[in-house]
């Protein structure tokens, strides 16, 4: 298959996507490449939770699987390097589009800022191992 490039990503890269919501970004990338065999897409949510919270999640997951994507649910970025399906994998690109610790008050609140900082720090510590 011919290499396809999109900005910082190539169809020849091994790509890990973390923190996916409804998996629409993963699907968009897969469609542009014409394949998702080079991709592992993960979410913090369980598959059941995704189905309840995102209208298009199921159809996005089905199409991603059809395109060859590996999908893994309940992956915490703080511990992803220890996940049995990821611990021996290495990636050329790791994408975390919207790191967010949740809605626990005002964004300007110091404790909320610290939660976000902890999330990004935990992600970076784990991503460097993958």
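Coordinate-derived values only; no laboratory data. Here the structure is a predicted model, which means the values were calculated and not measured. Ideal geometry is used to build each Cβ from the backbone, glycine not excepted, and the neighbour counts take in all protein chains shown.
Return the residues of the range 57-94 that are part of a helix (DSSP H, G or I) and out of contact with any helix residue (DSSP H, G or I) (no Cβ under 7 Å at 6 or more places or on another chain); say none if nothing qualifies.
First, the residues of the range 57-94 that are part of a helix (DSSP H, G or I): 57-66, 80-82.
59, 61, 62, 65, 66, 82, listed by residue number.
Only residues that are crowded, with 17+ Cβ neighbours inside 10 Å and free of Cβ contacts under 8 Å to residues at least 24 places away in the same chain: list them for the range 25-48, please.
Selection gives 29 alone.
Those residues that are in contact (Cβ under 8 Å) with a residue 24 or more places away in the chain, assigned to a loop (DSSP other than H, G, I, E, B) and either on the phi > 0 side of the Ramachandran plot or exposed (fewer than 12 other Cβ atoms within 10 Å of the Cβ) (or both), I need them from the range 1-24; list them, please.
Result: 1, 8, 19, 23.
Within the range 49-85, which residues are surrounded by 14 or more Cβ atoms within 10 Å (Cβ to Cβ), closer than 25 Å to residue 118 by Cβ and within 12 Å of the chain's Cα centre (by Cα)?
Scanning the range 49-85 gives 72, 73, 75, 76, 77, 80.
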